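**Student:** To start, I am sharing the structure in question, which I have written as C-alpha coordinates.
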Amino acid sequence: MLRKALCAVETLYRPGSFPGRPGSDLLHIASEDASEESGSWHYLVTDSSGIRPRQCATYGSGSKLGTRHRFTAGSIVVIDKRRRSGWTRWLKVAQDDDDCWLFDISPKDRKVRMVEVEFQSGEWSYEVCVDHLDVLPRPEFGRSSASVSCKVVPIEQGKVVTVLERVRPVAGRGAFLSVAELGGWVSLT
(Lines give C-alpha, C1' and ligand atoms only; values in the text may rest on other atoms or scores of the structure.)
Protein backbone atom coordinates (compact mmCIF):
# COMPACT_ATOMS: atom_id res chain seq x y z
CA MET A 1 0.00 0.00 0.00
CA LEU A 2 2.73 2.46 0.92
CA ARG A 3 4.66 1.65 -2.24
CA LYS A 4 1.67 2.48 -4.42
CA ALA A 5 1.19 5.80 -2.62
CA LEU A 6 4.85 6.70 -3.12
CA CYS A 7 4.72 5.77 -6.80
CA ALA A 8 1.69 8.02 -7.23
CA VAL A 9 3.60 10.85 -5.56
CA GLU A 10 6.48 10.36 -7.99
CA THR A 11 4.22 10.80 -11.00
CA LEU A 12 2.88 14.05 -9.55
CA TYR A 13 6.16 15.49 -8.26
CA ARG A 14 9.17 14.59 -10.35
CA PRO A 15 12.71 15.21 -9.08
CA GLY A 16 13.68 18.84 -9.60
CA SER A 17 10.06 19.96 -9.99
CA PHE A 18 10.19 22.17 -6.89
CA PRO A 19 11.85 25.32 -8.26
CA GLY A 20 13.95 27.22 -5.76
CA ARG A 21 13.75 24.47 -3.16
CA PRO A 22 17.25 23.45 -2.04
CA GLY A 23 18.07 19.79 -2.71
CA SER A 24 14.96 19.26 -4.82
CA ASP A 25 17.09 17.49 -7.42
CA LEU A 26 17.98 14.89 -4.76
CA LEU A 27 14.36 13.83 -4.34
CA HIS A 28 14.08 10.33 -5.73
CA ILE A 29 11.37 7.79 -5.19
CA ALA A 30 11.67 4.31 -6.73
CA SER A 31 9.26 3.63 -9.55
CA GLU A 32 7.13 0.52 -10.00
CA ASP A 33 9.54 -0.69 -12.72
CA ALA A 34 12.42 -0.81 -10.23
CA SER A 35 10.83 -3.84 -8.57
CA GLU A 36 10.51 -5.74 -11.86
CA GLU A 37 13.02 -8.45 -12.73
CA SER A 38 13.52 -10.22 -16.03
CA GLY A 39 14.75 -13.79 -16.39
CA SER A 40 13.36 -17.30 -16.59
CA TRP A 41 11.57 -19.07 -13.75
CA HIS A 42 9.23 -22.04 -13.39
CA TYR A 43 6.12 -21.88 -11.22
CA LEU A 44 3.73 -24.65 -10.20
CA VAL A 45 0.01 -23.88 -9.86
CA THR A 46 -0.99 -25.05 -6.37
CA ASP A 47 -4.58 -23.79 -6.15
CA SER A 48 -6.94 -26.75 -6.59
CA SER A 49 -9.38 -24.63 -8.63
CA GLY A 50 -6.60 -23.34 -10.89
CA ILE A 51 -5.77 -19.74 -11.74
CA ARG A 52 -7.00 -17.48 -14.54
CA PRO A 53 -4.55 -15.14 -16.32
CA ARG A 54 -4.97 -11.36 -16.42
CA GLN A 55 -4.16 -8.84 -19.13
CA CYS A 56 -2.12 -6.65 -16.77
CA ALA A 57 -0.51 -6.94 -13.36
CA THR A 58 -3.56 -5.70 -11.44
CA TYR A 59 -6.23 -7.43 -9.40
CA GLY A 60 -9.84 -6.88 -10.39
CA SER A 61 -12.55 -8.55 -12.43
CA GLY A 62 -11.92 -6.18 -15.37
CA SER A 63 -8.35 -7.40 -15.84
CA LYS A 64 -9.22 -11.11 -16.14
CA LEU A 65 -8.79 -12.61 -19.58
CA GLY A 66 -12.20 -14.21 -19.97
CA THR A 67 -11.48 -16.04 -23.22
CA ARG A 68 -8.27 -17.58 -21.89
CA HIS A 69 -8.08 -21.00 -20.36
CA ARG A 70 -7.52 -21.45 -16.66
CA PHE A 71 -4.12 -22.85 -15.65
CA THR A 72 -5.09 -26.00 -13.75
CA ALA A 73 -3.56 -27.26 -10.51
CA GLY A 74 -0.30 -29.06 -11.22
CA SER A 75 0.50 -26.97 -14.32
CA ILE A 76 4.11 -25.84 -14.64
CA VAL A 77 4.27 -22.33 -16.11
CA VAL A 78 7.39 -20.61 -17.49
CA ILE A 79 7.69 -16.98 -16.35
CA ASP A 80 9.88 -14.28 -17.94
CA LYS A 81 9.13 -11.24 -15.72
CA ARG A 82 8.31 -10.82 -12.04
CA ARG A 83 6.94 -7.69 -10.38
CA ARG A 84 6.54 -7.27 -6.60
CA SER A 85 3.49 -5.41 -5.26
CA GLY A 86 2.99 -5.77 -1.51
CA TRP A 87 2.91 -9.45 -0.57
CA THR A 88 1.98 -10.41 -4.15
CA ARG A 89 4.47 -11.18 -6.89
CA TRP A 90 3.00 -10.70 -10.38
CA LEU A 91 4.30 -13.19 -12.94
CA LYS A 92 4.33 -12.65 -16.72
CA VAL A 93 3.78 -15.86 -18.67
CA ALA A 94 6.65 -16.43 -21.13
CA GLN A 95 4.81 -18.84 -23.45
CA ASP A 96 2.20 -16.23 -24.39
CA ASP A 97 2.59 -13.68 -27.22
CA ASP A 98 0.21 -11.25 -25.49
CA ASP A 99 0.78 -9.85 -22.03
CA CYS A 100 -0.58 -12.51 -19.73
CA TRP A 101 -0.06 -12.13 -15.96
CA LEU A 102 -0.60 -14.46 -13.00
CA PHE A 103 0.12 -14.00 -9.29
CA ASP A 104 1.78 -16.22 -6.70
CA ILE A 105 -0.19 -14.99 -3.66
CA SER A 106 -3.73 -13.67 -4.02
CA PRO A 107 -3.97 -9.94 -3.29
CA LYS A 108 -7.51 -10.57 -2.04
CA ASP A 109 -7.08 -13.27 0.61
CA ARG A 110 -3.31 -13.94 0.72
CA LYS A 111 -3.87 -17.52 -0.44
CA VAL A 112 -0.84 -19.14 -2.10
CA ARG A 113 -1.81 -19.85 -5.70
CA MET A 114 1.60 -20.65 -7.25
CA VAL A 115 5.06 -21.59 -5.95
CA GLU A 116 8.43 -21.22 -7.61
CA VAL A 117 9.91 -24.59 -8.50
CA GLU A 118 13.12 -25.97 -9.89
CA PHE A 119 12.24 -27.88 -13.07
CA GLN A 120 14.70 -30.35 -14.59
CA SER A 121 14.31 -32.41 -17.72
CA GLY A 122 16.58 -35.33 -18.52
CA GLU A 123 16.94 -39.02 -17.81
CA TRP A 124 17.75 -40.41 -14.37
CA SER A 125 17.54 -43.87 -12.81
CA TYR A 126 15.92 -44.39 -9.41
CA GLU A 127 15.69 -47.57 -7.39
CA VAL A 128 12.28 -48.41 -5.88
CA CYS A 129 12.44 -48.92 -2.09
CA VAL A 130 8.75 -49.72 -1.40
CA ASP A 131 6.27 -52.37 -2.53
CA HIS A 132 3.82 -49.89 -4.13
CA LEU A 133 3.80 -46.32 -5.48
CA ASP A 134 1.03 -43.71 -5.55
CA VAL A 135 1.08 -42.36 -9.11
CA LEU A 136 -0.45 -38.90 -9.58
CA PRO A 137 -1.68 -37.48 -12.91
CA ARG A 138 0.21 -34.20 -12.24
CA PRO A 139 2.48 -32.73 -9.56
CA GLU A 140 0.36 -31.26 -6.74
CA PHE A 141 1.80 -30.18 -3.40
CA GLY A 142 -0.36 -30.39 -0.31
CA ARG A 143 -2.62 -33.09 -1.68
CA SER A 144 -3.05 -36.51 -0.19
CA SER A 145 -3.34 -39.46 -2.50
CA ALA A 146 -6.96 -39.84 -1.38
CA SER A 147 -7.94 -36.32 -2.50
CA VAL A 148 -6.33 -36.56 -5.96
CA SER A 149 -7.26 -39.20 -8.50
CA CYS A 150 -4.17 -41.35 -8.24
CA LYS A 151 -3.51 -44.97 -8.94
CA VAL A 152 -1.67 -47.25 -6.57
CA VAL A 153 0.81 -49.30 -8.56
CA PRO A 154 2.29 -52.45 -7.04
CA ILE A 155 5.98 -52.59 -7.87
CA GLU A 156 8.82 -54.82 -6.80
CA GLN A 157 11.40 -53.41 -4.44
CA GLY A 158 14.81 -52.94 -6.01
CA LYS A 159 13.40 -52.30 -9.50
CA VAL A 160 15.13 -49.43 -11.34
CA VAL A 161 12.76 -46.92 -12.99
CA THR A 162 13.50 -44.09 -15.46
CA VAL A 163 12.65 -40.53 -14.43
CA LEU A 164 12.22 -37.95 -17.22
CA GLU A 165 11.35 -34.79 -15.24
CA ARG A 166 11.93 -33.54 -11.70
CA VAL A 167 10.03 -30.73 -9.97
CA ARG A 168 11.10 -29.40 -6.58
CA PRO A 169 10.01 -26.23 -4.73
CA VAL A 170 12.73 -23.59 -4.44
CA ALA A 171 11.67 -22.89 -0.84
CA GLY A 172 10.46 -25.99 0.95
CA ARG A 173 10.71 -29.73 0.95
CA GLY A 174 9.58 -32.55 -1.26
CA ALA A 175 9.77 -33.18 -4.98
CA PHE A 176 7.92 -34.87 -7.81
CA LEU A 177 9.35 -37.29 -10.34
CA SER A 178 7.80 -38.05 -13.71
CA VAL A 179 8.32 -41.82 -14.03
CA ALA A 180 8.31 -43.03 -17.64
CA GLU A 181 7.20 -46.62 -16.91
CA LEU A 182 4.28 -45.52 -14.73
CA GLY A 183 2.91 -42.70 -16.91
CA GLY A 184 2.56 -40.19 -14.08
CA TRP A 185 4.16 -38.38 -11.18
CA VAL A 186 5.48 -39.82 -7.93
CA SER A 187 5.85 -37.69 -4.82
CA LEU A 188 9.07 -37.69 -2.80
CA THR A 189 8.22 -36.36 0.66
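**Student:** I'm trying to understand the selection: among the residues of the stretch 44-78, which are β-branched (Val, Ile, Thr) and over 19 Å from Glu140 (Cβ atoms)?
**Tutor:** Thr58, Thr67
**Student:** Output the number of residues of the stretch 138-156 satisfying the condition of being exposed (fewer than 15 other Cβ atoms within 10 Å of the Cβ) and modelled with pLDDT of 90 or more.
**Tutor:** 0
**Student:** Hey, another quick one. Does Val130 satisfy the criteria of being exposed (fewer than 14 other Cβ atoms within 10 Å of the Cβ), within 15 Å of Val186 (Cβ to Cβ), out of contact with any strand residue (DSSP E or B) (no Cβ under 9 Å at 6 or more places or on another chain) and not assigned by TED's automatic domain parsing to the domain that holds Lys92?
**Tutor:** yes
**Student:** Quick check: is even one residue across the stretch 71-83 among the hydroxyl-bearing types (Ser, Thr, Tyr), within 27 Å of Arg168 (Cβ to Cβ) and either free of Cβ contacts under 8 Å to residues at least 12 places away in the same chain or out of contact with any Ser or Thr (no Cβ under 7 Å at 6 or more places or on another chain) (or both)?
**Tutor:** yes
The values are calculated or read from the model by the stated rules, or taken from the named source; none is laboratory data. Remember, it's a predicted structure, so these values are computed and weren't measured experimentally. Virtual Cβ from ideal backbone geometry, glycine too; neighbours counted across all protein chains shown.
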